[in-house]
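Report on the structure given below.
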Amino acid sequence: MSAALSFTHIPNPTPTPAAEREALLAQGGFGTVFSDHMVTIEWSQDKGWHKAEVRKREPFLLDPAAAVLHYAQEIFEGMKAYRTPEGKITLFRPDQNARRFNLSAERMAMPTLPEETFLEAVELLVQTDKDWIPGGNGSLYLRPFMFASEAFLGVRPAHHYTFCVIASPVGDYFKGGAKPVSVWVSTEYTRASQGGTGAAKCGGNYAASLVAQAEAYDNGCDQVVFLDAAEHRWIEELGGMNVFFVLEDGSLLTTPLAGTILPGITRASLLELARARGLKVEERRYSFEEWQADARSGKIKEAFACGTAAVVAAIGEVRYAGGSFKIADGQTGPLTESLREELTGIQRGRVADTRGWARPVAI
C-alpha cells in the first residue's frame with residue numbers, strides 16, 4: 001500500500017451482469033467496451049494528492065472553464081493486463097509506464113504522481129475488475145490519465161488535477177488481426193518538432209496527428225508515418241507506434257530518440273530482446289528516400305511498427321503522394337514474427353520471463 005495515500009473502495013452498486021459481460025467480451029474490438037469501475041485521485045496546490053478512490057465508472061462533472069478544455073493540459077499511458085495459461089494475472093513492465101507518466105507530467109507542467117501510487121492504482125483496478133480480462137489473445141487495456149480540472153481561464157499551469165485509471169477489454173488493434181498493415185507517409189503534416197512535446201504522451205500530439213491519419217485512411221492505409229519537422233526527410237514514427245527496419249544482413253534499424261519521438265516501452269523491450277540474440281542493432285536517422293531505395297533494391301527485408309496496443313505489426317506496403325512500394329513480398333517476415341512471438345510469449349506467460357518484466361497482480 002502507498003504510505004501517503006489510502007484508497008477508499010466504493011463498489012459499483014449495479015455491476016454488469018455476468019451474461020452481459022461475457023457477451024461484451026466475445027465482441028473483441030478495441031476501446032469500445034469498458035469495465036465497471038475506475039480509480040480516481042485528486043491533486044490540489046494546497047492538499048497535494050488526496051481523495052484516492054476505487055469507484056463506479058461514470059462521467060466526470062466538469063466546469064465549462066476546466067483548464068483541460070481550453071489549454072489541453074492532459075497526459076496518459078497505455079498498458080495491458082494479461083491472463084496467463086495458469087490463470088494468473090500479470091502486467092508488463094508497469095514501472096516503465098509509471099516512470100514515463102511522470103516524465104510527461106514534468107514536460108506538461110503537471111504534478112508528478114509517486115510511482116508506487118501509480119502502480120497501486122492500476123493494480124487495484126485490475127483486482128476489482130479482473131472478471132473483465134478476456135481469455136485467449138485478448139487482454140485488459142488500461143488507460144491511466146491525468147488532466148487539469150481547475151476552472152480557470154488563464155494561461156498558466158492549473159492548480160487542480162484529476163488522475164484516473166479506466167479499463168477496456170480488447171482484442172486485436174487492427175481489423176484482420178496480425179496481418180501486415182499498409183502505411184501512408186505524410187509529406188505535408190508533422191507530428192512534433194525539437195523543443196516540443198513529442199517525447200511526452202499527451203493528447204495534443206495525437207490531436208495534431210489526426211488530420212494526417214484521416215489522409216492515410218483516405219488513401220486506403222491503416223496508419224500514418226511522420227517525417228521530421230525541420231527537413232521533412234527523416235522518418236520519425238507512426239501516429240501511434242514506433243517503427244523498425246530489418247536489413248538484408250539481419251541487422252535491425254530504428255530511428256533514435258531525440259526529443260521528438262515517444263520512448264516506447266515496446267520499442268525498448270524489442271531492442272533488448274534483439275541485442276540478447278546477438279543481432280546488430282542501430283539507432284540512427286533513416287530518410288524516406290533511403291527507405292524507398294532500400295525497399296526497391298531488396299536491402300530492406302522487413303519493416304514493422306510496435307506499441308502497446310498493436311504490440312508488433314508488420315508493414316507490408318508503403319504509400320505516399322508520389323506512388324507506393326512493398327516491403328519484400330508484402331508479408332510478415334521471419335524476424336518480425338519471431339520477435340512478436342517472443343515478446344507476446346513473455347507478456348502472456350508462455351515464454352520464460354528471465355528479466356522480471358511480467359509483474360504478477362495479487363487476485
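Looking at the stretch 8-170, the accessible area is 44 square angstrom per residue; that uses a 1.4 Å probe and ignores ligands, DNA and RNA. Label sites at residue 9 and residue 350, each approximated as a point 7 angstrom past Cα along Cα to Cβ, lie 3.3 nm apart. DSSP beta bridges fully contained in the chain are about 80 percent antiparallel. Computed in the context of the full set of protein chains, the accessible area of the stretch 181-348 at 1.4 Å probe radius has 48% of its extent on carbon or sulfur. The local environment of residue 85, defined by Cβ-Cβ distances under 11 Å, has a net charge of +3 under the rule Lys, Arg +1 and Asp, Glu -1. Each pair of Cα atoms in the stretch 132-203 enters the Kirkwood radius, and Stokes-Einstein at 37 °C and 0.692 mPa s then converts it into a translational diffusion coefficient of 197 µm²/s. Each residue of the stretch 94-168 gets 105 Å³ once the volume of the Cα convex hull is shared out per residue.
A protection proxy built from the mean count of other Cβ atoms within 10 Å ranks the segments 228-235, 278-285, most packed first, as 228-235, 278-285. By the rule of a C-alpha distance below 16 Å, with chain neighbours fewer than 8 residues away ignored, the lysines paired with residue 301 are 280, 326.
For the chain, a Kirkwood radius taken over Cα pairs fed into Stokes-Einstein (37 °C, viscosity 0.692 mPa s) yields D = 153 µm²/s. In the context of the full set of protein chains, the stretch 181-348 has a per residue accessible area of 37 Å² (1.4 Å probe). For the stretch 8-170, taking Cα atoms only, Rg and Dmax work out to 16.4, 53 Å respectively. Here the stretch 110-245 is treated as a sphere whose radius is the Kirkwood value from Cα pairs; by Stokes-Einstein at 25 °C and 0.890 mPa s it diffuses with a coefficient of 137 µm²/s. Once the chain from residue 70 to residue 30 is taken as fully extended at 0.36 nm per residue, the excess over their C-alpha distance is 11.6 nm.
Listed by chain and number, the lysines whose alpha-carbon sits under 22 Å from that of residue 88, ignoring those within fewer than 8 places in the same chain, are 80, 130. In order along the stretch 341-355, the Karplus-derived 3J(HN,Hα) couplings, from 6.51 cos²θ - 1.76 cosθ + 1.60 at θ = phi - 60°, round to 5, 5, 5, 5, x, 5, 4, 9, x, 8, 10, 4, 9, 8, 10 Hz, and Gly and Pro are given as x.
The values are calculated or read from the model by the stated rules, or taken from the named source; none is laboratory data. These numbers were taken from a predicted model, which means no experiment stands behind them. With ideal geometry, Cβ positions are generated from the backbone for all residues, glycine too; neighbour counts draw on all protein chains shown. Surface areas here come from the heavy atoms of the whole protein model, side chains and all, with no ligands, DNA or RNA. Shrake-Rupley method; radii C 1.70, N 1.55, O 1.52, S 1.80 Å.
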